[in-house]
Structures are given as structure tokens and as C-alpha cells.
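Reviewing the structure listed below.
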Amino acid sequence: MNKSIRCRALTGTVLALATATVLTACGGESASSADTESDKTVDATPAVAVKEPLVATFDGGLYILDGESLKLAKTIDLPGFNRVNPAGDKDHVMVSTDSGFRVLDATDQALTDIEYKGAKPGHVVRHAAKTVLFTDGTGEVNVFDPIALSSGKKPSGRTYTSAEAHHGVAIELADGKLVSTLGTEEKRTGALVLDRNNKEIARSEDCPGVHGEAAAQNEAVGVGCEDGILIYKDGTFTKIDSPDGYGRIGNQSGSDTSPVLLGDYKTDPDAELERPTRVSLIDTEKKKLRLVDLGTSYSFRSLARGPHGEALVLGTDGAIHVIDPDTGKIKKKIPVVGDWQEPLDWQQARPTLFVRGHVAYVSEPGKKTLHAIDVETGKKITSVTLPKSTNELSGVVAGH
């Protein structure tokens with residue numbers, strides 16, 4: 001597959017899917033782990049009730065776990081390379097498969113009959129009580145109310161098809177405007193805005209290599225570019241340039257409680273895989289970009305936001321770096337897993353960060369473990385060892 005395609009993690013979080021392939025284990029990971037006193041090994045057991053379920057992918061299937069105890073409740077066989085994102089309600093998770101987006105009822109621990117078919121299902125975006133799916137292979141956008149998933153039937157909702165299929169993303173705002181990317185399979189250039197009737201009302205093509213999105217406080221939406229970030233707010237596009245000629249922001253994480261977006265930051269256009277040590281903080285009100293050097297690298301599955309808007313980055317040093325988004329100061333480092341290195345292939349497993357409320361969940365594929373951490377105290381809540389190494393990690397998230 002095209003290794004130039006890179007995908008992000010999810011506040012939240014939106015992501016691309018290549019055709020089905022076999023995952024391999026993440027190489028080079030340390031066998032050590034922080035605090036293993038609460039670790040417990042579990043086996044696949046008959047389904048039991050779960051609270052706030054988590055869903056983790058492994059080579060050939062899905063694990064459903066209890067969000068409080070991390071107890072493994074159900075194993076679902078599902079061949080291929082699968083991806084998971086919150087669907088936007090208290091029960092469901094979107095699963096990207098080689099045939100399209102499928103809906104998993106994580107609470108009832110079963111795949112439903114609801115499916116959005118299409119090649120290369122990509123980003124899943126939750127915002128303003130709507131969930132938006134972007135199918136890369138067709139350029140189709142589907143918008144629906146996630147609460148309607150509880151009916152067991154495919155929700156009725158808005159659809160839009162991009163002029164050309166591309167690796168894109170879209171988000172619907174509270175007033176019904178739809179922000180969607182522009183591009184082709186070969187070249188991505190920017191974004192446009194549609195009114196409720198899918199009539200174009202604004203566009204900007206000043207965003208080469210557009211990738212990823214995130215929403216900040218007051219519905220400021222950012223999409224990443226190879227030379228900065230493009231912000232749409234109050235009917236206007238604004239470009240914030242990177243300090244480097246090539247300064248790519250491809251993955252972002254936002255918070256409703258902060259005007260500042262967290263993004264990655266890469267400066268080598270020719271690298272097979274750049275392992276950056278700096279992240280970007282984009283102030284959508286002041287229209288300024290700040291770089292923060294973590295002193296360690298990270299991956300596209302490393303970015304998240306805390307309950308109070310904290311910028312969280314899981315470094316290859318095994319720690320969650322907690323950053324004040326307003327000052328750029330690293331407030332603390334929370335050791336969680338052993339040292340690790342990002343693999344060359346983006347589909348290969350690596351430690352992944354998923355945050356829900358005050359709890360950060362971190363996978364450690366090299367040890368087949370999963371950890372729950374209290375973001376505010378930095379203390380480990382519990383850990384679990386699973387039958388197989390996991391790859392992607394997500395869960396139900398109601399309200400957005």
C-alpha cells in the first residue's frame with residue numbers, strides 16, 4: 001500500500017483504511033512495563049455484562065472489554081485489518097472493515113446488520129450530536145444521529161459525494177454546515193463548506209496534502225496541511241502557516257473546553273517514516289502556532305485530550321506527556337508502558353492512547369497488555385493481559 005498515507009487517533013480522534021491485510025506484531029518494544037501489581041491474565045469467556053465497553057482490534061477479530069475492570073467479555077472473529085472508532089452513543093462502535101463501515105453493538109457484544117458499504121472506509125467524526133463517515137474509495141459522506149442506531153436499523157441521514165474520491169474527512173457543524181476536504185487520489189488541496197442543501201458556500205485550496213480534522217472551542221474546525229493548518233470559523237477560512245517551509249500537521253485532537261488544537265508536526269517530506277519529537281499547539285482564536293519539543297517521539301495513535309482540555313501525548317519513552325495547551329508547558333509525565341519504537345508500516349501494532357473522561361487507556365502490544373490510568377492523579381487503575389496483542393483501541397463515547 002502507499003506508505004505516504006498516514007492516519008490519526010480520535011478525540012478522537014478520524015482515520016483511513018487500506019485494503020485488508022495481515023497485521024504483524026510491533027517490533028522493538030521493550031518487555032518492561034510500569035507498575036504490574038494489578039495486572040491479571042484473562043481468557044476469552046462467554047459474554048458477560050459490561051459497563052462503558054472498550055473495543056480493541058487484534059489480528060483476526062475484536063475484543064470487547066469492561067471499561068471499569070478491563071475484564072474481557074467477548075471475542076468476535078472478524079478477518080482482515082479492522083479499525084474502530086466511537087459511534088457517538090453509549091452502546092455502539094464503528095468498525096471499518098474491507099467492505100465498509102459496520103456498526104458494533106458493544107454493549108450487547110455483537111455486530112449489527114447496519115453497514116455503510118464502500119471501499120476504504122476512512123475517518124469517523126463526532127460533533128454537534130452527529131456522526132460523519134467518509135469513505136475514501138468513493139468520496140461518499142454519510143451523516144447521521146448516532147442515537148438512531150439503537151433502533152437496530154440504518155439511520156436516515158444526510159449524504160454527499162465528493163467531486164472525486166480521495167483520502168478525506170468531513171464534519172457537520174451545529175448549524176448544519178458541512179466542512180469536507182477537496183482532492184483526488186493523487187493530490188489533496190483543501191476544503192469546502194456546504195449549506196444544509198449541499199450547496200457550496202465557501203472553499204479554500206490553500207492546504208496542500210490536507211489530512212485529518214479536529215474541532216476546538218466555539219466550533220473552530222482545523223484541517224491539517226503540509227505547510228500548516230487551515231481553520232474554518234464563523235464562515236471564514238484562515239490559514240496558519242508552519243514555521244518551516246514543509247511543516248506537516250496531519251493528525252489533530254481537539255476539545256470543546258479549549259480554543260487550542262493539538263497536532264503532530266513533521267518536517268521531512270522525503271522520510272520513509274519520520275519520528276518527530278515536536279507537537280504543535282494551534283490557537284484558533286489568536287491564529288498562532290506553537291511547537292513543543294517532548295524530547296521523545298510518538299505516533300499518530302498518541303494524541304488525545306484530557307477532561308479539562310489537557311493536551312496528552314503518548315511518547316515512545318512509555319509516558320503520557322501532559323501539556324498545558326495555553327502555555328505549552330509540560331505539566332507532568334505519567335509512566336505507563338516500556339520504551340517502544342514506531343513501526344514502519346502504519347498498520348502494524350504500537351502502543352495506543354484512548355481517553356474517555358478522566359481515564360486514559362493505553363495498550364502495550366509487546367506484552368499483550370492494556371492499562372487504565374487516572375489522568376489527573378497519574379495513578380494506574382488496573383491492567384489486564386489479553387490472549388493476543390491488540391492494535392487499535394476505542395470504546396463507546398456518548399455525547400459530543
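Within the stretch 186-199, the set of residues being out of contact with any Lys or Arg (no Cβ under 7 Å at 6 or more places or on another chain) and exposed (fewer than 14 other Cβ atoms within 10 Å of the Cβ) comprises 186, 187, 196, 197, 198, 199.
One residue is enough: does the stretch 153-174 have a residue meeting the conditions at negative phi, of a type in the set (D, E, K, R) and surrounded by 19 or more Cβ atoms within 10 Å (Cβ to Cβ)? Yes, the stretch 153-174 has at least one match. With respect to the conditions (1) in contact with a strand residue (DSSP E or B) (Cβ under 6 Å, 6 or more places away or on another chain); (2) crowded, with 22+ Cβ neighbours inside 10 Å, residue 328 falls short on a single one, namely (2).
From the residues in the stretch 354-367 that are more than 16 Å from residue 68 (Cα to Cα) and not basic (Lys, Arg), which one is surrounded by the fewest Cβ atoms within 10 Å (Cβ to Cβ)? Steps first, please.
Residues of the stretch 354-367 that are more than 16 Å from residue 68 (Cα to Cα), as a first pass: 364-367.
Narrowing further to those that are not basic (Lys, Arg): 364-366.
Numbers: 364: 29, 365: 26, 366: 23.
In this case the residue turns out to be 366.
For the stretch 240-318, the strands (runs of 3 or more DSSP E) that sit wholly inside it and include 2 or more residues that are surrounded by fewer than 17 Cβ atoms within 10 Å (Cβ to Cβ) are 288-293. Scan the stretch 378-394 for residues that are out of contact with any Pro (no Cβ under 7 Å at 6 or more places or on another chain), hydroxyl-bearing (Ser, Thr, Tyr) and buried (at least 21 other Cβ atoms within 10 Å of the Cβ) and the total you get is 1.
What residue, among those in the stretch 368-377 that are under 22 Å from the mean Cα position of the chain (by Cα) and farther than 15 Å from residue 356 by Cβ, is most open to solvent (accessible area, probe 1.4 Å)? Steps first, please.
The first filter runs over the stretch 368-377 and keeps only residues under 22 Å from the mean Cα position of the chain (by Cα), leaving 368-376.
Checking which are farther than 15 Å from residue 356 by Cβ leaves us with 368-369.
On the way: 368: 89, 369: 5 Å².
Selected residue: 368.
Residue-wise test of (1) under 29 Å from residue 273 (Cβ atoms); (2) in a strand (DSSP E or B); (3) in contact with a helix residue (DSSP H, G or I) (Cβ under 9 Å, 6 or more places away or on another chain).
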site: 321; (1), (2), (3): yes, yes, no
site: 339; (1), (2), (3): yes, no, no
site: 342; (1), (2), (3): yes, no, no
site: 351; (1), (2), (3): yes, no, yes
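The values are calculated or read from the model by the stated rules, or taken from the named source; none is laboratory data. This structure is a prediction, so every number in the text was calculated from the model and none was measured. Cβ: placed from backbone, ideal geometry, glycine included. Neighbour counts: every protein chain shown. Accessible surface areas use protein heavy atoms only, side chains included; no ligands, DNA or RNA. Shrake-Rupley method; radii C 1.70, N 1.55, O 1.52, S 1.80 Å.
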